[in-house]
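S.K.: Pasting in a structure now, in structure tokens, and then I'll have a few things to ask.
The values are calculated or read from the model by the stated rules, or taken from the named source; none is laboratory data. Every value quoted in this text rests on a predicted model; they were computed, and no experiment measured them. When we count neighbours, we look across all protein chains shown, and the Cβ atoms used for this are built from the backbone with ideal geometry, even at glycine. Please note that ligands, DNA and RNA were not included when accessible areas were found on the heavy atoms of the full protein model with its side chains. Shrake-Rupley method; radii C 1.70, N 1.55, O 1.52, S 1.80 Å.
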Amino acid sequence: MGNFAVDASAGQIMVNATDSPRIVDLVIVPTGDGDDLIVTTEEAGVFRRVGGTWSASNTGIRATNVRAVAAHPHVSGTVFAGSSDGASPSQGVFRSVDAGAQWSVPSTGLRAKSVRSLMIDPTAAASPTSTVIYAGGQGVFESNAYVNAGLWKSSDGGMSWSDINAGIPSTSPSAPLGTVRAIALDVRSCVNPPPAPMPCSIGPLSTVYATSTGAFGVGSFRIIKSVDAGALWSDIDGLPPRMTSNGGLQFVTPLPIVIDPHDSAHLYVGSYASLSGAEVGIANGVFRSTDGGDNWGLYSSGLPLRSGSTQTHFDVYALAIDAQIAGTLWASAIETGAAGAVSRIFKTIDGGAQWLPSSDGITGGDIRQLVVDPTTPGTLYAAALGDTAAPGGVYRSRDGATTWHSISIGLDGAGASALAVDTLEPSRLYAGTSAGVFVLEQPEDGDSDGIPDTVETAGPNGGDGNADGIADALQPQVATFSAKSSDGHWQPEGGPSTTGSADYITVEIEATNPGSCAQLVDTQAVAVDDRPSDGVASTRFEHVLPLVRFEVLDCPGAAALVTFHGSPQGSDARFRFHGPSQPGSDDLRWRNFDDRATRVDAQSWRLRLDAGAFGSYRPATAGSILFEGGVGSDRVFANGFD
């Protein structure tokens, strides 16, 4: 994902300018001038030694797990990403000045096992090289002690970092703060703040908060505060202490923290509960302080409760606050550990006194971050983790979270855990994933089906691919697209890629029940080469057309009419499903779909789809149907010849 520091004089491979990564493999490459060596490492990618000097050789490798992303508030295209691979040492904080096309990772002095949070001081960011950034994560364990507490600060745009540990007790060999999960800056904590809720424009900002797991859940220093820009920290942990119930340990860990810009004394913290006993009794969910953290109270009414408890709620991994409307917040809640659990979003308009469901359109994934677009009122984004069997992704709402639509084309099923909006180019989003940073330039897509308006209007019949007299760009249940286009797709750092070539394809949803199945999302072509060969026993199916993938919201059952314009298939063609044997299963492979696919004409197929049934990735509880498949022909017989 970038360039890594190498001590050329010593011939030593290094990461974060200090630590040596673990080497997992070595290859000898014979050359005319002597053997070169290539090594692979767990934390720093691939290195090659030529002439006694090691250099990074990571072009095209995007395997870094990024758990924190921050976009520069004043310089478009400058973005920072925190590495969190779960192994020591972390690669540190990456920086790109060209919207993710290229990355560097100076990070001198940042010695971390993981980086989980990044926060930029917008009043001290005149240029990338003078930007003040705070980072949180887990420190490096060395010589039976932790080198730092997991908090760092840079005053030169991430080129160099300093530990900011003052006030945090050293509890060697235990991690003083465990893992720092979130950092928040009081945007009105300058010397002369303007009237609320306007943020300071001249800084630097002085009040900083952070949340952490604490040292083995001991119940202190889980929420900390500094009033001098991180120079000295104090403990403001007012969360429930750990408790023993029925022989098991229960404790609460804070995750997100947000500050009310209308009143900086009002703080909100989301939390999860660790439970090892048979009883469920400890309070968790959302906590609120109205006095700058001196006192905390539970404000989780309306959030779902764990079975058998009156105050142990589903875990809250993400919070966001509306800077324009006082008392308005959003929270994600999930029953951690429950099979097939999906995060749900809730909204409050009274400062947390009551939470109401606000997640229409959220169909999968574990939401780890909520971001309010500061440039467009009512627009929010949610980053959700998942897997290939139960995909996560990125969701967008344009109506204050009343409805959500996935905008995940180009991301794999693992989804995203961190998001940042480029405030100077608000159509540009950055997503931190287990495969690095992905970038999305959002073209206009008025019907939210995943296909940009410009692509649909350029389709067959003057933009009316299903020939019903209505432009496809105006119909959310109709999508026309081409595999040649990568517009509106998430791209990995380093630039775009295309899915191949094909004529236009139209997907039209015909609902079984009137009023349902009215919205397609993430409609796309999938390159055949991106999936395993379609073969069983001695038979191999040849796919000469791209595959189609789409999701239909609020859909108990429907027919999907799929038309491959200008690409007639032979008489032996069959429509095949690529997915699980039953929704939610992870046994993904090619499957016979003959009993649910009907040939309409030389170019079109009608697919019968039902929620929670074979042919969909999503279980019935998701309320949607997620399908992937394509046309194949039986081309190879048992003797291996056509």
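S.K.: Here are Ile345, Ile325, Ile334, Ile349: which of them is in contact with a Ser or Thr (Cβ under 7 Å, 6 or more places away or on another chain), open to solvent by 20 Å² or more (accessible area, probe 1.4 Å) and either at pLDDT below 95 or at negative phi (or both)?
M.R.: Numbers: Ile345 fails: open to solvent by 20 Å² or more (accessible area, probe 1.4 Å); Ile325 fails: in contact with a Ser or Thr (Cβ under 7 Å, 6 or more places away or on another chain); Ile334 fails: open to solvent by 20 Å² or more (accessible area, probe 1.4 Å).
Result: Ile349 is the single residue among Ile345, Ile325, Ile334, Ile349 that is in contact with a Ser or Thr (Cβ under 7 Å, 6 or more places away or on another chain), open to solvent by 20 Å² or more (accessible area, probe 1.4 Å) and either at pLDDT below 95 or at negative phi (or both).
S.K.: So Ser633 ticks every box in (1) within 24 Å of Pro556 (Cβ to Cβ); (2) modelled with pLDDT under 95 but one. Which box is left unticked?
M.R.: (1)
S.K.: From the set of residues in the stretch 290-301 that are crowded, with 20+ Cβ neighbours inside 10 Å and out of contact with any Ser or Thr (no Cβ under 6 Å at 6 or more places or on another chain), which is farthest from Ala320 (Cα to Cα)? I'd like the intermediate steps shown before the answer.
M.R.: First, the residues of the stretch 290-301 that are crowded, with 20+ Cβ neighbours inside 10 Å: 293, 296, 299-300.
From the residues that got through so far, the ones that are out of contact with any Ser or Thr (no Cβ under 6 Å at 6 or more places or on another chain) too are 293, 299-300.
Details: Gly293: 18, Tyr299: 15, Ser300: 15 Å.
The extreme case among them is Gly293.
S.K.: Residues in the stretch 436-457 that are within 23 Å of Ala71 (Cα to Cα) and surrounded by fewer than 19 Cβ atoms within 10 Å (Cβ to Cβ): how many?
M.R.: Applying the first criterion (within 23 Å of Ala71 (Cα to Cα)) to the stretch 436-457 yields 436-444.
With surrounded by fewer than 19 Cβ atoms within 10 Å (Cβ to Cβ) added as a condition, the list becomes 441-444.
Residues flagged as within 23 Å of Ala71 (Cα to Cα) and surrounded by fewer than 19 Cβ atoms within 10 Å (Cβ to Cβ) within the stretch 436-457 amount to 4.
S.K.: A further question follows. Check Gly136, Gly86, Gly60, Gly100 and return the single one that is part of a strand (DSSP E or B) and either under 21 Å from the mean Cα position of the chain (by Cα) or at pLDDT 80 or above (or both).
M.R.: Numbers: Gly86 fails: part of a strand (DSSP E or B); Gly60 fails: part of a strand (DSSP E or B); Gly100 fails: part of a strand (DSSP E or B).
The match here is Gly136.
S.K.: So which residues in the stretch 112-133 are hydrophobic (A, V, I, L, M, F, W, C), open to solvent by 10 Å² or more (accessible area, probe 1.4 Å) and part of a strand (DSSP E or B)? Even if it seems obvious, please write down each step before you answer.
M.R.: Within the stretch 112-133, the subset hydrophobic (A, V, I, L, M, F, W, C) is 112, 115, 118-120, 124-126, 132-133.
Still in the running and open to solvent by 10 Å² or more (accessible area, probe 1.4 Å): 118-120, 124, 126, 132.
Scanning the stretch 112-133 gives Leu118, Met119, Ile120.
Per-residue answers, yes or no, for (1) in contact with a Ser or Thr (Cβ under 6 Å, 6 or more places away or on another chain); (2) closer than 22 Å to Ala525 by Cα; (3) of a type in the set (Phe, Trp, Tyr); (4) outside any strand (DSSP E or B):
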residue: Val371; (1), (2), (3), (4): no, no, no, no
residue: Pro377; (1), (2), (3), (4): no, no, no, yes
residue: Thr388; (1), (2), (3), (4): no, yes, no, yes
residue: Pro391; (1), (2), (3), (4): no, yes, no, yes
residue: Arg396; (1), (2), (3), (4): no, yes, no, no
residue: Ile409; (1), (2), (3), (4): no, yes, no, yes
residue: Ala420; (1), (2), (3), (4): no, no, no, no
residue: Val439; (1), (2), (3), (4): no, yes, no, no
residue: Thr454; (1), (2), (3), (4): no, yes, no, yes
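S.K.: Scanning for something open to solvent by 10 Å² or more (accessible area, probe 1.4 Å), touching a helix residue (DSSP H, G or I) at 6+ places or on another chain (Cβ under 6 Å), closer than 22 Å to Leu298 by Cβ and charged (D, E, K, R), does the stretch 235-250 turn up at least one residue?
M.R.: Yes, the stretch 235-250 contains a residue that is open to solvent by 10 Å² or more (accessible area, probe 1.4 Å), touching a helix residue (DSSP H, G or I) at 6+ places or on another chain (Cβ under 6 Å), closer than 22 Å to Leu298 by Cβ and charged (D, E, K, R).
S.K.: Which of the numbered conditions does Ser160 fail, given that it passes all the others? Conditions: (1) touching a residue at least 24 places away in the same chain (Cβ under 8 Å); (2) within 27 Å of Leu319 (Cβ to Cβ); (3) open to solvent by 40 Å² or more (accessible area, probe 1.4 Å).
M.R.: Of the numbered conditions (1) touching a residue at least 24 places away in the same chain (Cβ under 8 Å); (2) within 27 Å of Leu319 (Cβ to Cβ); (3) open to solvent by 40 Å² or more (accessible area, probe 1.4 Å), the odd one out for Ser160 is (2).
S.K.: Now for a different question. Only one of Gly364, Gly392, Gly400, Gly413 is open to solvent by less than 30 Å² (accessible area, probe 1.4 Å) and in contact with a helix residue (DSSP H, G or I) (Cβ under 8 Å, 6 or more places away or on another chain). Can you tell me which? Break it down into steps so the answer makes sense when it comes.
M.R.: Working: Gly392 fails: in contact with a helix residue (DSSP H, G or I) (Cβ under 8 Å, 6 or more places away or on another chain); Gly400 fails: in contact with a helix residue (DSSP H, G or I) (Cβ under 8 Å, 6 or more places away or on another chain); Gly413 fails: in contact with a helix residue (DSSP H, G or I) (Cβ under 8 Å, 6 or more places away or on another chain).
Checking each option against the conditions leaves just Gly364.
S.K.: Can you confirm whether the stretch 94-111 contains a residue that is closer than 23 Å to Arg368 by Cβ, in contact with a Ser or Thr (Cβ under 6 Å, 6 or more places away or on another chain) and either without any contact (Cβ under 8 Å) to a residue 40 or more places away in the chain or open to solvent by less than 10 Å² (accessible area, probe 1.4 Å) (or both)?
M.R.: no
S.K.: Anything in the stretch 244-286 that is over 19 Å from Phe314 (Cβ atoms), among the charged types (D, E, K, R) and either part of a strand (DSSP E or B) or over 28 Å from the mean Cα position of the chain (by Cα) (or both)? List them, or say none.
M.R.: Within the stretch 244-286, just Asp263 meets the criteria.
S.K.: Examine the stretch 201-210 for a residue that is more than 24 Å from Pro261 (Cα to Cα) and not aliphatic (A, V, I, L, M), and state whether such a residue exists. Give the steps one after another, and end with the answer.
M.R.: Going through the stretch 201-210, the residues more than 24 Å from Pro261 (Cα to Cα) turn out to be none.
No, the conditions are met nowhere in the stretch 201-210.
S.K.: Given the conditions (1) under 27 Å from Gly340 (Cα atoms); (2) open to solvent by less than 60 Å² (accessible area, probe 1.4 Å); (3) more than 28 Å from the chain's Cα centre (by Cα), report the number of the one that Arg608 does not fulfil.
M.R.: Looking at each condition in turn, Arg608 falls short on (2).
S.K.: Is it the case that Ile168 is open to solvent by less than 60 Å² (accessible area, probe 1.4 Å) and in a loop (DSSP other than H, G, I, E, B)? Spell out how you get there, then give the answer.
M.R.: Numbers: open to solvent by less than 60 Å² (accessible area, probe 1.4 Å): yes; in a loop (DSSP other than H, G, I, E, B): yes.
So Ile168 fits the description; yes.
S.K.: Moving to a separate point now. State whether the residues of the stretch 199-209 include one that is free of Cβ contacts under 8 Å to residues at least 40 places away in the same chain and over 29 Å from Pro240 (Cα atoms). Step through it out loud before you land on a result.
M.R.: In the first step, residues of the stretch 199-209 are kept if they are free of Cβ contacts under 8 Å to residues at least 40 places away in the same chain; the result is 206.
Remaining after also requiring over 29 Å from Pro240 (Cα atoms): none.
Checked the stretch 199-209: no residue is free of Cβ contacts under 8 Å to residues at least 40 places away in the same chain and over 29 Å from Pro240 (Cα atoms).
S.K.: So, Asp228, is that one crowded, with 22+ Cβ neighbours inside 10 Å and over 26 Å from Asn65 (Cα atoms) or not?
M.R.: Details: crowded, with 22+ Cβ neighbours inside 10 Å: no; over 26 Å from Asn65 (Cα atoms): yes.
Criteria not met by Asp228.
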